[in-house]
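Where a number appears in this text, it was derived from the coordinates with a stated rule and is not lab data. Treat the numbers as computed from the prediction; the structure is a model and nothing was measured. Here the Cβ is made from the backbone with ideal geometry for all residues, glycine too, and neighbour counts use every protein chain on show.
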Amino acid sequence: MTRLVLLVTVLLVACVRPPGPIAGDFTPTSIADAQREQRSGERIRWGGTIVSTTPGKAATCLEIVSLPLDARARPRRTDDTLGRFIACAPGFYDPEVFAPRREVTVVGALEPTESGKVGDYDYLFPRVAAEAIWLWPERNPEDRVCYGGAAFGGPYWYPFWWGWYGPGPHLHHH
């Protein structure tokens, strides 16, 4: 019985840590901070949902609507957007896989901002030279249960009901 309790405890703790390639300590720079002043070179970890994916000759750029991250560094479902940013990484990222509304977490260094548009609105996009882009598995609300609250220090996903999908082909680390 003690082993079972220990196993469940270890699994629950593991569920609240970011996956290896996006783990670590990062500058607490917000998108608004990066829009106000140049912060080139600062290493950040931001995440959100993909708006578009544009492969180029040597790199692929993703436009992302930024969202707050949970304890695992996964974007939280909320209507409180933190703004938008562009993340570019060497290589080809298939737009059918890195599709609109998919959740990603990006680790990388800030570059100079880039002027663009959101519809007809002029927008200043912080740009990230992505070292890692973590594509999260699609959510399926019927196959997981959340235990949380102050007693547990926040939400914990019961791992036996939803599984852990590991890096597989969805992790791009440069």
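Quick notes on this structure:
- Boolean, Val65 is of a type in the set (A, V, I, L, M) and closer than 16 Å to Leu124 by Cβ: yes
- Note on the stretch 74-125: residues that are surrounded by 14 or more Cβ atoms within 10 Å (Cβ to Cβ), in contact (Cβ under 8 Å) with a residue 60 or more places away in the chain, within 18 Å of Glu42 (Cα to Cα) and not aromatic (Phe, Trp, Tyr) amount to 10.
- Positions within the stretch 37-73 being outside any strand (DSSP E or B) and either in contact (Cβ under 8 Å) with a residue 40 or more places away in the chain or in contact with a strand residue (DSSP E or B) (Cβ under 9 Å, 6 or more places away or on another chain) (or both), in sequence order: Gln38, Arg39, Ser40, Gly41, Glu42, Gly56, Ala58, Pro68, Asp70, Ala71, Arg72, Ala73
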